[in-house]
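Enquirer: Structure provided below as structure tokens; questions to follow.
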Amino acid sequence: MTTQAEKAQSLERLHAAPEILRVVNVWDAVSTRTIAALPETRAIATAGHSIAATYGYADGQIPLETMLDMVGRIVEAAGDLPVTADLDDGHGDAGETVRRAIAKGVVGANVEDRLKPLDESVAAVRAVVAAGEAEGIPFVLNARTDAFVRGGGRPVEESIADAIERGRAYLDAGASLVFIPGILDADVTRRLVDGIGERKISVIGLPGALSSTEYEGLGVARISYGPTTQRVALTALQDVAADLYRGGVIPASTRTLN
């Protein structure tokens, strides 16, 4: 059995490798087993939005205890693969939330700043790092800045400058990566990498964004897909249901995955 500390070290190495780390987000035990069964899978990442939706909550509104219960089930289903969890904004106490997530077997996390004042956000990063140290886990924090998704339509130059300032501060405070969600084109991505560092940026793959291979060539460390993976699954479910209502049949290509 791989220890929790070894899983954390493995996740850190995956971020530092020349090849971009592709993580296909999951939301429950069966989606985890489905992704973990693929030989290409190196790590598991949860999608907070998708877990919340599974329980009928809006994004960011799920009770912490409910979310952590599912995260624990995901860790169990992932086996020896490292699991990094979406912990929203830290649920009011980022350090304590991470401590509880570590108790569930998590070795990394996204914690978002929601564009709170920089000193508050840096303090949250430090609290997360301290929680990992106290639990004896080299915790891998993917510190998220909402410089683009909560920028309020400000000029892109301002969002770039804000993301770089926040990203550098989070790395200095002990974060492993800086997660910058949004549809980032090649020029913006290049400037962010130049300002924050190669293999220090994490992005999200959305419709209209670059491919993972393109981001890899620009020096990005990791790409995840957030709630879109669940949306793909639900789109397929709705489409097949509509076909069945029209008199169709279950496709012969359907596999038994659970």
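Enquirer: What FRET efficiency do you get for Ala242 and Glu40 if R0 is 25 Å and r is their Cβ-Cβ distance, rounded to the nearest 0.05?
Expert: 0.20
Enquirer: Restricting to DSSP loop positions (anything but H, G, I, E, B) with no more than 13 other Cβ atoms inside 10 Å of their own Cβ, which GluC sites (Glu not before Pro) remain in region 180-258?
Expert: Passing sites in region 180-258 are Glu198.
Enquirer: Trypsin sites (Lys or Arg not before Pro) within region 183-258: which are DSSP loop residues with at most 13 other Cβ atoms inside 10 Å?
Expert: Arg246, Arg255
Enquirer: With runs of 4+ DSSP H residues as the only contributors, calculate the mean residue ellipticity of the chain at 222 nm using -39,500 (n - 2.57) per run, divided by the residue total and rounded to the nearest 500.
Expert: Theoretical 222 nm ellipticity from helices: -14500 deg cm²/dmol.
Enquirer: Taking Cα atoms, how many degrees apart are the long axis of helix 228-245 and the longest axis of the chain, rounded to 10 and kept between 0 and 90?
Expert: 20
Enquirer: Plugging the Kirkwood radius over Cα pairs into Stokes-Einstein for the chain, at a temperature of 37 °C and a viscosity of 0.692 mPa s, what D comes out in µm²/s?
Expert: Approximately 176 µm²/s, per Stokes-Einstein.
Enquirer: Another question, then. Per residue, how much space in cubic angstrom lies within the convex hull of the C-alpha atoms of region 72-209?
Expert: 115
Enquirer: Mind listing the long-range amide H neighbours of Gly226? Cut-off is under 5 Å, sequence gap 5 or more, other chains count too, H placed in the peptide plane at 1.01 Å from N.
Expert: Asn25
Enquirer: Still on this model: Considering only DSSP states other than H, G, I, E and B, which GluC sites (Glu not before Pro) in region 1-57 qualify as loop sites with at most 11 other Cβ atoms within 10 Å?
Expert: Glu19, Glu40
Enquirer: Also: Considering all projection directions equally, how large on average is the shadow of the alpha-carbon convex hull of region 140-258, in square nanometres?
Expert: So the Cα hull casts an average projection of 10.1 nm².
Enquirer: Between the helical axis of 94-103 and the dominant principal axis of the chain, each derived from Cα atoms, what acute angle in degrees is found, rounded to the nearest 10?
Expert: 50
Enquirer: Long-range amide H contacts for Val140: which residues qualify at under 5 Å (H placed 1.01 Å from N, peptide plane, sequence gap of 5 or more or a different chain)?
Expert: Residues meeting the amide H criterion: Gly108, Ala109.
Enquirer: May I ask which residue of Met70, Ala29, Pro39 lies farthest towards the positive end of the charge dipole of region 1-142, with charges of +1 (Lys, Arg) and -1 (Asp, Glu) on Cβ and the Cα centre as origin?
Expert: Most positive-ward Cα: Pro39.
Enquirer: Within the set of other residues whose C-beta is less than 10 Å from the C-beta of Ser10, count the net charge using Lys and Arg as +1 and Asp and Glu as -1.
Expert: After counting each charged neighbour, the total is 0.
The numbers here are math on the coordinates, done by the rules we state, and not lab data. Since this is a predicted model, take the numbers as computed values, not measurements. Ideal geometry is used to build each Cβ from the backbone, glycine not excepted, and the neighbour counts take in all protein chains shown.
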